[in-house]
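Peer 1: Before I ask anything, here is the structure I am working with.
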Amino acid sequence: MTITTNHRFLGTCSVLGAAVDFEGGQIRGTVLPPAACHVVGELKPAQMMGRKNRNKHLTRMSTRKKVHAFVRVRPTDDFAHEMIRYGDDNKTIDIHLKKDVRRGVVNNQQTDWSFKLDGVLHDASQDLVYETVAKDVVAQALEGYNGTIMCYGQTGAGKTYTMTGTTENYKHRGILPRALQQVFRMIEERPTHAITVRLSYLEIYNESLFDLLSTLPYVGPSATPVAVVENPHGVFIKGLSVHLASQEEDAFSLLFEGETNRIIGSHTMNKNSSRSHCIFTIYVEARSRTLSDEKYITSKINLVDLAGSERLGKSGSEGRVLKEATYINKSLSFLEQAIIALGDQKREHIPFRQCKLTHALKDSLGGNCNMVLVANIYGEAAQLDETLSSLRFASRMKLLSDCPLRPTMLPWQRMVKNLEKELVLLKQELAIHDSLANRSHVNYDPMDEVQIAEINSQVRRYLDGALDEIDIINLRQIQEVFNQFRVVLTQQEQEVEAALRRKYTLIDKNDFAAISAVQKAGLMDADGHLVGESDGQGFGLGVASYSSKPGKKTKSRRTLKEQLSSPAKKEGGSSPVSGKDMDVSTSKTQLTPLSKEGDVKDMILRDRETSNIETLPSDSPKEEPRPPRPSTPPSKPVAFEDFKNERGSEINRIFKENKSILNERRKRASETTQRINVIKREMDVAKEGLSAQRSLREKQGEYEKKGLIIIDEEEFLLILKLKDLKKQYRAEYQDLRDLRAEIQYCQHLVDQCRHRLLTEFEIWYNESFFIPEDLQAALKPGSSIRPGMVPVGRIVSLGEDDQDKFSQLQQDVLPEGPESISFYNAKVKREQKHSYLKSTLGLSKAQRK
Ligand code: ADP
Ligand code: MG
């Protein structure tokens, strides 16, 4: 017998949990009356498909299939081998039921079912489950495809184990933590993109919405109840806190917070955690840092742990349990209807609003979304009813038609809006940093003419010596200061040239006709020297170099600089620099007096005065008397020791001090980390105890009176203990964060000191052993030219103790098993990227405490 149907029929048929399983398919087993809804999905020839192929298949899924359905079987010692069989293709699961003889010889009871899904996960590790079920969905989220992964099945079948996993064992972590890890790993692999990750954790219990992250200190009590709201851009949950997770570690602590709240909530508010739907959402927003690429992607990954699908309502339950069961049955069948309706191209209206679950997931079901369903089943004979029901649900999902997916890319208008929003946010952030640093009056808007004029005047006063320094305010101001320097410099050059032209005729040295004319007039000798001037004095020496031609000025200037810094570049080499070289390059233009000789002399005199001023010793620290120079300079490591006792002693002292503070902070952080781990373990133990107590209570039958549940003292004490542990955990965690910020800050200081120490050493080394003393006068502090600027860190080992490295290691590798090392390494890498501002913020927070 062959039955054909359409999805609409499927939808209607399944509303009240009536089960229908077919794919225009054949029925195996006993004859079925037309009214019966138990039908079998048609089986195509089994294809052997290894894991590799399965993954390949999944990769293509985004553009082809809408919903993928897998079944995961919970391991049990009491597996019903004679009733449950797996096909060789890893995709088929057959159920065989013995005929109920009480129904008589002729009965229409069906006894065989065969379900073909996208994969059967039997004895599968958490690793394999993640690879098969979630990896591609998460990967595609970063390409802009929404993704939803749901676990469906009766209570105890392993939904939470699949989704969250066990928190006490890193290896048994579930899809949630692994998805977070994958997202952050992918972000790291894409430095060209600015990607933000936000998280929320929603619980739906009896059609009420709860924010599992509302307990975080910075969320505060929400004034509005959590509700599903729609606007033209889509559906969102009003009142649900969404948290930025800038690194993996933040994301993990948010997840743990939510998990703990889920368990505490289930006890204090007396809602059974397996009777509620939990939706953990990862919101991803990505845009290219280069902005040349207008792609702007937003997507979300919903990880849904559905309420237990067992039908409690039917067996005479009453009160709270009945209410729960009714809500769950309704929401699960509405979920099914919505997904099926989405798969029907002809369907216009999709019944999303029928319940909170479908409404909240409106833009993440079917449609333009990668969807994966995991049906968790128990392999025991006693559970076969529920197993069948779960498999039916899964195979109906799998029937949905194929359709291409489009990434959720935003139109440019919306992208501009979002960027504007981000700009406002960043400005606010900046304002916070400024107020923390007592810089509340800083303005970051573009400068107007008046402000620019003020900066110009500052620069002039600075050049005149009337102003000692120009305060740094912000980047814009610094850039403008440089700009005005250029403006002033250009103006002065023009003024000088104009002044010279008023007095002299400037002759291009390549203009031989002009030169010979002047020579003929007797104003200059054949070597180009001015008549009446003694050689080697003043500025007008000989013929100007080619580089001094107009337009070549920069080259000439660079030559000077190069010559000054060359000894430093030749590390440890002899000094090629002499005063004469400098003089030659300062000669720029050949000057011929227009008027009386006296004018020339005046000018030379003035020039000498100016150069005298320039070479006057500045009021820099007095040099200590230096011992005579050795003929061969000492090696740098030896010299460095001397330097640390001599000129570098003060910096070295500060450097050491900072380092010891840093080490002390690191030690504290390591201790705090260990305490956190201990608390975490205790929390896990308490959680387990609570679950045990709870199931015991449920087994013994709850004492329920007028909606009040009586729990025994032990359970009550456990709840209190868990609460207390959580409080401790939070406090310690906060301490750790603050400590890390401090460590970063101290590290920054240590780095700065180290840099300074090395730079000063290089200067000292060159001054002491290489640079001719006469030249040093020209290079005194106060002059903008300092020799010895070789790359630091290349030559000397600062002799930093190994303790440093050890405590760093201890800090980084938490005792969570060797598998987690890469995870913590990734975290440290991210931390290193943190800006200086962030650490100051953390430090000031810690100081305010
Ligand atoms: P559900 O969320 O469906 O009610 P749980 O995930 O809480 O079920 O699973 C019930 C118990 O079974 C838990 O103790 C869990 O650790 C265990 N469990 C479930 N699935 C597996 C599995 N695949 N491997 C090992 N233990 C499992
Ligand atoms: Mg569960």
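Peer 1: Quick one: what pairs do we get from segment 671-699, first residue in contact (Cβ under 8 Å) with a residue 12 or more places away in the chain, second of a type in the set (S, T, N, Q) and not in a helix (DSSP H, G or I), C-beta under 7 Å, 6+ apart or different chains?
Peer 2: Listed by first residue and then by second, the contacts come to ASP684/THR167.
Peer 1: Could you go through segment 756-771 and let me know if any residue there is closer than 30 Å to GLU671 by Cα, crowded, with 17+ Cβ neighbours inside 10 Å and modelled with pLDDT of 85 or more.
Peer 2: Start the filter on segment 756-771 by keeping residues that are closer than 30 Å to GLU671 by Cα, which leaves none.
No, segment 756-771 contains no residue that is closer than 30 Å to GLU671 by Cα, crowded, with 17+ Cβ neighbours inside 10 Å and modelled with pLDDT of 85 or more.
Peer 1: Which members of segment 110-147 meet the condition of being of a type in the set (A, V, I, L, M), closer than 15 Å to ALA69 by Cβ and part of a helix (DSSP H, G or I)?
Peer 2: VAL129, VAL133, ALA134, VAL137
Peer 1: Within segment 152-176, track down each residue that is within 16 Å of ligand 2 (Cβ to nearest atom) and assigned to a helix (DSSP H, G or I).
Peer 2: LYS159, THR160, TYR161, THR162, MET163, HIS172, ILE175, LEU176 - these are the residues of segment 152-176 that are within 16 Å of ligand 2 (Cβ to nearest atom) and assigned to a helix (DSSP H, G or I).
Peer 1: Related question: Going by what's in this entry, would ILE149 be described as within 16 Å of SER299 (Cα to Cα), touching a residue at least 24 places away in the same chain (Cβ under 8 Å), crowded, with 22+ Cβ neighbours inside 10 Å and within 16 Å of ligand 2 (Cβ to nearest atom)?
Peer 2: Numbers: within 16 Å of SER299 (Cα to Cα): yes; touching a residue at least 24 places away in the same chain (Cβ under 8 Å): yes; crowded, with 22+ Cβ neighbours inside 10 Å: yes; within 16 Å of ligand 2 (Cβ to nearest atom): yes.
When the stated conditions are applied, ILE149 passes them.
Peer 1: Just to verify a result, which residue in segment 71-101, among those that are within 16 Å of ligand 1 (Cβ to nearest atom) and β-branched (Val, Ile, Thr), is farthest from SER114 (Cα to Cα)? Show your work before the answer.
Peer 2: At the first step, the residues of segment 71-101 found to be within 16 Å of ligand 1 (Cβ to nearest atom) are 71-79, 84, 86, 93.
This time we only want the ones that are β-branched (Val, Ile, Thr), so: 71, 73, 76, 84, 93.
On the way: VAL71: 13, VAL73: 16, THR76: 21, ILE84: 10, ILE93: 6 Å.
The residue in question is THR76.
Peer 1: Considering GLU203, GLU249, which residue is in contact with a Lys or Arg (Cβ under 8 Å, 6 or more places away or on another chain) and either within 23 Å of ARG737 (Cα to Cα) or surrounded by fewer than 22 Cβ atoms within 10 Å (Cβ to Cβ) (or both)? Break it down stepwise before answering.
Peer 2: Values: GLU203 fails: either within 23 Å of ARG737 (Cα to Cα) or surrounded by fewer than 22 Cβ atoms within 10 Å (Cβ to Cβ) (or both).
When all the criteria are applied, what remains is GLU249.
Peer 1: Tell me which of these LEU335 doesn't satisfy, since it passes every other one: (1) surrounded by fewer than 21 Cβ atoms within 10 Å (Cβ to Cβ); (2) modelled with pLDDT under 90.
Peer 2: Every listed condition holds for LEU335 apart from (1).
Peer 1: Out of the residues in segment 391-424 meeting the condition of being in a helix (DSSP H, G or I) and closer than 20 Å to VAL133 by Cα, tell me which one is modelled with the highest pLDDT. Write out each step before concluding.
Peer 2: Keep residues of segment 391-424 that are in a helix (DSSP H, G or I), which gives 391-398, 412-424.
With closer than 20 Å to VAL133 by Cα added as a condition, the list becomes 391-398.
Values: LEU391: 94, ARG392: 91, PHE393: 91, ALA394: 91, SER395: 87, ARG396: 84, MET397: 82, LYS398: 78.
Across segment 391-424, the extreme among qualifying residues is LEU391.
Peer 1: Tally the residues that are among the β-branched types (Val, Ile, Thr) and either under 14 Å from PRO177 (Cβ atoms) or within 16 Å of ligand 2 (Cβ to nearest atom) (or both), restricting the search to segment 134-146. Please lay out each step first, then the result.
Peer 2: In the first step, residues of segment 134-146 are kept if they are among the β-branched types (Val, Ile, Thr); the result is 137-138.
Of the ones still in play, those that are also either under 14 Å from PRO177 (Cβ atoms) or within 16 Å of ligand 2 (Cβ to nearest atom) (or both) are 138.
Summing the residues that are among the β-branched types (Val, Ile, Thr) and either under 14 Å from PRO177 (Cβ atoms) or within 16 Å of ligand 2 (Cβ to nearest atom) (or both) in segment 134-146 gives 1.
Peer 1: Report whether or not ASP123 is at positive phi and within 16 Å of ligand 1 (Cβ to nearest atom). Show your work before the answer.
Peer 2: On the way: at positive phi: yes; within 16 Å of ligand 1 (Cβ to nearest atom): yes.
So ASP123 fits the description; yes.
Peer 1: Please go through segment 146-174 and pick out each residue that is more than 7 Å from ligand 1 (Cβ to nearest atom) and of a type in the set (Gly, Ala, Ser).
Peer 2: Matches in segment 146-174: GLY147, GLY165, GLY174.
Peer 1: Can VAL133 be described as in contact (Cβ under 8 Å) with a residue 60 or more places away in the chain and within 16 Å of ligand 1 (Cβ to nearest atom)? Quick ask: steps written out before the conclusion?
Peer 2: Working: in contact (Cβ under 8 Å) with a residue 60 or more places away in the chain: yes; within 16 Å of ligand 1 (Cβ to nearest atom): yes.
Taking the combined requirement at face value, the residue satisfies it.
The values are calculated or read from the model by the stated rules, or taken from the named source; none is laboratory data. Note that the coordinates shown come from a computational prediction; the quantities given were computed from them, not determined experimentally. Here the Cβ is made from the backbone with ideal geometry for all residues, glycine too, and neighbour counts use every protein chain on show.
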